[in-house]
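A.B. asks: One structure follows; several queries about it will come next.
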């Protein structure tokens, strides 16, 4: 496994070793021991989630203010632009974000620790997205920051993907401004 650093130290891109030939490919999508050794972390995952979304669907920016979830995310079909925003007030990168392309083709995973908001937009016709989480979903603690918050200034690649306006859930339409949100 190759670990790629990002502009925010705690956010990591993971590339698996892929074995392939004319018949197809094989790779370990997750191995606890290898993950811990490669990242220097000792993380226990308790829940796996799987979502499918159409092109232009934007989910986020989500987090849980209590029972915060670390997330190891990847795409098994299609392509997304995935974003993590640092919500930890005591962090040197507070309010900063990192975006990364995750796709079935590049087979990358993205480690987003607790204390970050997370979201993605689907760039392909559709995408299937997998999440491993470090805590259970707790809807009473879920929060949402507006995907287009001016203070954060996330540069979503909508225009280059031919997306005029993202498709949002009711929850995401009601996302709060960063300066009004509950933070860590």
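A.B. asks: Identify the single condition in (1) within 22 Å of residue 3 (Cα to Cα); (2) touching a residue at least 24 places away in the same chain (Cβ under 8 Å); (3) surrounded by fewer than 19 Cβ atoms within 10 Å (Cβ to Cβ) that residue 182 does not satisfy, given that it satisfies every other one.
C.D. replies: (1)
A.B. asks: Also, quick follow-up: Just to verify a result, which residue in segment 156-170, among those that are within 23 Å of residue 100 (Cβ to Cβ) and in a helix (DSSP H, G or I), is nearest to the chain's Cα centre (by Cα)?
C.D. replies: Step by step, filter segment 156-170, then rank; the result is 161.
A.B. asks: Then there's this: Tell me, which residue of segment 59-71 that is farther than 23 Å from residue 15 by Cα and touching a strand residue (DSSP E or B) at 6+ places or on another chain (Cβ under 9 Å) is surrounded by the fewest Cβ atoms within 10 Å (Cβ to Cβ)? Steps first, please.
C.D. replies: So the first thing to find is which residues in segment 59-71 are farther than 23 Å from residue 15 by Cα, and the list is 59-68.
With touching a strand residue (DSSP E or B) at 6+ places or on another chain (Cβ under 9 Å) added as a condition, the list becomes 59-65, 68.
Values: 59: 22, 60: 24, 61: 29, 62: 19, 63: 27, 64: 18, 65: 15, 68: 19.
Looking at residues that are farther than 23 Å from residue 15 by Cα and touching a strand residue (DSSP E or B) at 6+ places or on another chain (Cβ under 9 Å), I get 65.
A.B. asks: Quick one: residue 102 ticks every box in (1) outside any strand (DSSP E or B); (2) under 18 Å from residue 128 (Cβ atoms); (3) at pLDDT 95 or above except a single one, so which number is it?
C.D. replies: (1)
A.B. asks: Can residue 76 be described as within 29 Å of residue 146 (Cβ to Cβ), crowded, with 21+ Cβ neighbours inside 10 Å and touching a strand residue (DSSP E or B) at 6+ places or on another chain (Cβ under 6 Å)?
C.D. replies: Numbers: within 29 Å of residue 146 (Cβ to Cβ): yes; crowded, with 21+ Cβ neighbours inside 10 Å: no; touching a strand residue (DSSP E or B) at 6+ places or on another chain (Cβ under 6 Å): yes.
So residue 76 does not fit the description; no.
A.B. asks: Right, something else. Buried (at least 17 other Cβ atoms within 10 Å of the Cβ), in contact with a helix residue (DSSP H, G or I) (Cβ under 6 Å, 6 or more places away or on another chain) and either free of Cβ contacts under 8 Å to residues at least 24 places away in the same chain or part of a loop (DSSP other than H, G, I, E, B) (or both) - does that describe any residue in segment 140-152?
C.D. replies: yes
A.B. asks: Please go through (1) within 11 Å of the chain's Cα centre (by Cα); (2) buried (at least 20 other Cβ atoms within 10 Å of the Cβ) for residue 101 and return the number of the only condition it doesn't satisfy.
C.D. replies: Only one criterion is unmet by residue 101, namely (2).
A.B. asks: On the given criteria, is residue 50 exposed (fewer than 12 other Cβ atoms within 10 Å of the Cβ) and either in a strand (DSSP E or B) or under 17 Å from the mean Cα position of the chain (by Cα) (or both)? First the steps, then the outcome.
C.D. replies: Numbers: exposed (fewer than 12 other Cβ atoms within 10 Å of the Cβ): yes; either in a strand (DSSP E or B) or under 17 Å from the mean Cα position of the chain (by Cα) (or both): yes.
Considered against the rule, which asks whether it is exposed (fewer than 12 other Cβ atoms within 10 Å of the Cβ) and either in a strand (DSSP E or B) or under 17 Å from the mean Cα position of the chain (by Cα) (or both), residue 50 comes out as yes.
A.B. asks: Counting only residues that are exposed (fewer than 12 other Cβ atoms within 10 Å of the Cβ), give me the strands (runs of 3 or more DSSP E) lying completely in segment 1-44 with at least 1 of them.
C.D. replies: Working: elements: 2-5, 12-15, 19-21, 24-26.
Ranges flagged: 2-5, 19-21, 24-26.
A.B. asks: I'd like the full set of residues that are surrounded by fewer than 16 Cβ atoms within 10 Å (Cβ to Cβ) and not in a loop (DSSP other than H, G, I, E, B), limited to segment 105-139.
C.D. replies: Scanning segment 105-139 gives 126, 139.
A.B. asks: Take the conditions crowded, with 20+ Cβ neighbours inside 10 Å and either farther than 27 Å from residue 170 by Cβ or touching a residue at least 24 places away in the same chain (Cβ under 8 Å) (or both) and apply them to residue 56. Does it pass? If you could, list the steps in order and put the result at the bottom.
C.D. replies: Numbers: crowded, with 20+ Cβ neighbours inside 10 Å: no; either farther than 27 Å from residue 170 by Cβ or touching a residue at least 24 places away in the same chain (Cβ under 8 Å) (or both): yes.
No, not satisfied.
The values are calculated or read from the model by the stated rules, or taken from the named source; none is laboratory data. Just so you know, these numbers come straight off a predicted model, no measurement behind them. Using ideal geometry, Cβ is built from the backbone for each residue, glycine included, and neighbour counts are taken over all protein chains shown.
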